[in-house]
Amino acid sequence: MLDQQGDNLILATTLAIAMKSMMVEPTIVVVGDTVVAEKTSKGWRNPAKSLNGKKVSLKSWKLDSTVADYEGEVEYDEGPPMESVHLKGIEMADKDVLSVSGKPMFAPVTRISGSNPEYKKIAAEYGKSRGRKALPSVTSGFQADLDGDGRKEVLLVIATGEDVKKENGFCAIVLRYVSGGKVVTKTLEFNGRYGYMRGPYSGRVYGVGDFDGDGTREFIYTFEDPWGTETKLKQFKNGQVKHLCTTAFGE
Ligand SMILES: [Ca+2]
Ligand SMILES: [Ca+2]
């Protein structure tokens, strides 16, 4: 009798494990508590309503360090104020934390300090190249190997302060990489339309890594103004930036 019960228990446990392994988790990218991208068999896309109720286990990352992993559920909210897909029950999530389900391979990153003279110079030269008189600075950024070729690229947020937000102010996200022995500066985002009811703008880069395990790295950043936020997922490969997905909130 006891043996029979033991056998049943083993059978039930085996079934539970088998069922759990059969439930395929969606591949999602989350910033704070907001799902910003989903990988399907057709590629990356905006998170869909079909994610509602899906269980996920996420690996979390805060630019250059791991933070506590999350196991939980995805929830779809049709609004108001707006449609969103987020993690259930973590309202006060740290906005800087990037979380990815499955087995993401985060790439090591080195934070860049805006007070470093080299980056002060880079920011000043960039501002000048855009014809702006206001002196910008590197407000955030990092070095990381975006394309996995063993050499690090640089992602920078270059912005002027709020005090000079009139006609000369701007915020940009730029990528710097070496091509043919020369440093190339590629502008990914630029906004200088400061003025009445606009600005200041800000940007933030969150991390880089192979999020879906297909062998190509992705990177993610947010570009923001008081009216809304755009979070963009991109790839850098063979000197080209490929856009994968934008999730926008706001007006
Ligand atoms: Ca590289
Ligand atoms: Ca990938």
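How long is the gain from residue 214 to residue 10 if the chain were fully straight, where each residue apart is worth 0.36 nm and the alpha carbon distance is subtracted? Don't skip to the end; give the middle numbers.
Details: separation 204, 0.36 × 204 = 73.44 nm, distance 3.58 nm.
Once the chain is fully extended between residue 214 and residue 10, it gains 69.9 nm.
If eta is 1.567 mPa s and T is 4 °C, what Stokes-Einstein diffusion coefficient results for region 2-103, Kirkwood Rh from Cα pairs, in µm²/s? Don't skip to the end; give the middle numbers.
Numbers: Rh = 15.2 Å.
The calculation lands on 85 µm²/s.
Given C-alpha coordinates of the chain, what is the ratio Rg to Rh with the Kirkwood estimate of Rh? Please report the intermediate quantities before stating the final value.
Working: Rg = 21.4 Å, Rh = 19.9 Å.
My calculation puts Rg/Rh at 1.08.
If each residue's Cβ is checked for other Cβ atoms within 10 Å, how do 90, 158 rank with the fewest at the top? Can you show the working numbers first?
Numbers: 90 13, 158 28.
Least crowded to most crowded, the residues run 90, 158.
In this model, which of 95/121; 49/234; 55/152 are farther than 26 Å apart at the alpha-carbon?
Values: 95/121 29 Å; 49/234 22 Å; 55/152 35 Å.
Going by Cα-Cα distance, 95/121; 55/152 fall outside the 26 Å limit.
Would you calculate, for the chain, the mean residue ellipticity at 222 nm contributed by helices, counting each DSSP H stretch of 4 or more residues as -39,500 (n - 2.57) and dividing by all residues, to the nearest 500?
-4500 deg cm²/dmol
If you filter region 53-92 for GluC sites (Glu not before Pro), then keep DSSP loop positions with at most 13 other Cβ within 10 Å, what is left? Each step should come with its number before you reach the end.
Working: sites: 71, 73, 75, 78, 83, 91; in loops: 78, 83, 91.
Taking region 53-92 and a limit of 13 other Cβ atoms within 10 Å, the loop GluC sites (Glu not before Pro) found are 78, 83, 91.
Rule-based calculations on the coordinates, nothing more; no lab input. Since this is a predicted model, take the numbers as computed values, not measurements. Cβ sites come from the backbone with ideal geometry, for glycine too, and all protein chains shown count toward neighbours.
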